[in-house]
Amino acid sequence: MHRLLVAQLKKSHGISFDIDNMTPEVQKLLELIEESYKDQDRELELLEHVLATSSNELTAANRSLTNSHELLKSVTESIADIIFYKDTESRYMGCNKRFSELAGIPANEIIGKSDHDIFDKKYADLFRSMDKKMFESSQPQLNREWITYPDGHSAYFLTLKSPLLNSRGELLGLVGISHDITKEHEMTEELKAKNSMLIHQSRFAAMGEMIGNIAHQWRQPLNALGLLLQNIEIAYQHGDLDDAYLDRSVKKGTRLTVQMSQTIDDFRNFFRPNKIAEMFNIHDSVHKAIELIRPSLVNDEIAITFTGDQTLQVMGFPSEFSQVILNLLTNAKDELIERSIPHKNIYIRLHQDKEAIHIEIEDNAGGIRDEVIEKVFDPYFSTKEEGKGTGIGLYMSKTIIENNMKGRLIVTNTSQGACFSIILS
């Protein structure tokens with residue numbers, strides 16, 4: 001081993017040794033030098049191992065990063081929605097193919113551009129304002145918007161923009177996803193149009209009911225006015241028409257016309273819609289509906305019994321609620337008449353339990369057939385004879401209670417007849 005080291009020293013440094021006649025000191029020096037070379041060799045081996053390991057790890061990490069990138073790209077491209085992400089300056093850092101189709105340019109040309117570089121000013125200003133709101137609030141922003149594609153067709157999008165953060169929670173920009181809700185929007189608009197038509201039809205039906213009830217309320221005062229005029233004529237023919245008689249007749253006629261005018265005002269106020277929800281007394285609203293239909297009930301010999309707590313209040317729209325009660329009472333009245341029930345009765349019960357307020361309207365008309373009871377709240381469905389029902393009254397009543405009063409309207413059959421229950425939380 002010493003011979004190899006001596007040869008190496010002579011070659012690299014020009015130092016010569018007589019290996020057979022070395023002093024102990026020189027031999028010791030050579031041993032130290034030899035040990036030093038061994039240490040360096042071990043360090044080089046270790047360094048080579050570390051470099052090889054690091055290279056393998058770097059290669060694996062690079063492969064993993066590539067796979068993650070490919071996976072992310074596959075996921076974003078597989079999703080039917082539009083996906084994009086921007087930096088804090090609202091410049092695009094990436095997007096999927098769906099966004100590229102919307103922009104009308106390749107995805108690689110979108111990176112680094114702003115909305116004003118890609119879209120018309122109208123859209124660019126809208127998108128930028130949403131970005132600004134999200135960055136200022138650091139909260140997700142939801143928006144609905146019509147957007148026109150390069151080929152000219154338009155779509156209605158629901159867009160959500162959320163903060164894009166790194167692992168340390170630092171803001172990198174935003175990520176956005178836009179879902180095409182054109183079909184849902186068109187269906188909603190169509191449903192609104194149908195509901196609007198139903199509301200108009202319901203109002204016409206209610207107007208017909210109102211005119212019928214006014215006619216009942218006017219019948220008695222009109223008869224009294226007719227008799228009053230006949231009496232004036234008879235008094236004139238017999239010479240009894242003096243100033244005092246005429247004055248009494250005029251005053252009586254005035255009272256009758258005032259009563260008739262008040263009837264019109266009562267109905268007009270009853271059907272006037274409430275625009276703002278308010279606390280109202282349920283008993284009072286039910287009582288108003290009863291009083292409006294009472295003359296018709298009396299004329300058809302229908303008894304009505306109303307019992308329950310007179311102090312219960314609820315938040316909602318009193319006019320609409322009273323219209324629902326009137327509609328349910330009218331339905332009960334019509335069924336009792338159509339089935340020729342000998343002793344016609346309607347029962348109204350008002351009570352409260354731990355969970356809700358209950359208003360029950362029950363008749364003794366025999367109930368609703370089992371095969372149709374599940375359909376009574378469907379629009380245009382009616383159990384009445386053709387031409388006698390629109391089939392929208394119960395539908396609108398359920399809509400008012402569930403959408404405007406946040407309650408429930410259900411129907412069950414009892415031993416006597418049908419019972420409609422309004423349940424208000």
Tell me, which strands (runs of 3 or more DSSP E) wholly within segment 72-167 include 3 or more residues that are β-branched (V, I, T) and touching a Leu at 6+ places or on another chain (Cβ under 8 Å)?
none
Suppose we filter G367, G316 for residues that are over 31 Å from the mean Cα position of the chain (by Cα) and assigned by TED's automatic domain parsing to the domain that holds L424; which single one remains?
G367
Taking the residues in segment 275-313 that are of a type in the set (S, T, N, Q) and assigned to a helix (DSSP H, G or I) as candidates, determine which candidate is nearest to the chain's Cα centre (by Cα).
S285
What is the number of the single condition among (1) modelled with pLDDT of 90 or more; (2) out of contact with any Leu (no Cβ under 6 Å at 6 or more places or on another chain); (3) assigned to a loop (DSSP other than H, G, I, E, B) that D370 does not meet?
(1)
Working carefully through the options I304, I325, I357, find the one that is buried (at least 22 other Cβ atoms within 10 Å of the Cβ) and of a type in the set (V, I, T).
I325
Name the residue that is nearest to R128 (Cα to Cα), counting only residues in segment 151-191 that are in contact with a helix residue (DSSP H, G or I) (Cβ under 7 Å, 6 or more places away or on another chain) and among the aliphatic types (A, V, I, L, M).
L174
Considering segment 391-417, residues that are of a type in the set (S, T, N, Q) and within 17 Å of V314 (Cβ to Cβ), and then whichever is surrounded by the most Cβ atoms within 10 Å (Cβ to Cβ), we arrive at S397
Could you list, in sequence order, the residues of segment 147-182 that are of a type outside the set (D, E) and within 19 Å of the chain's Cα centre (by Cα)?
Y156, F157, L158, T159, L160, S178, H179, I181, T182
List pairs: first residue in segment 98-112 and within 15 Å of D180 (Cβ to Cβ), second residue modelled with pLDDT of 90 or more and not β-branched (V, I, T) anywhere in the structure, Cβ distance under 6 angstrom, at least six positions apart or on different chains.
F99/F84
Within segment 332-344, can one find any residue that is in the same structural domain as V376 (by TED's automatic domain parsing), touching a helix residue (DSSP H, G or I) at 6+ places or on another chain (Cβ under 8 Å), farther than 30 Å from I276 by Cβ and in a helix (DSSP H, G or I)?
yes
Those residues that are in contact (Cβ under 8 Å) with a residue 60 or more places away in the chain and acidic (D, E), I need them from segment 284-341; list them, please.
E320, E335
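The values are calculated or read from the model by the stated rules, or taken from the named source; none is laboratory data. Not measured: the values here are computed from a predicted model. Glycine gets a Cβ as well: all are built from the backbone with ideal geometry, and neighbour counts include every protein chain shown.
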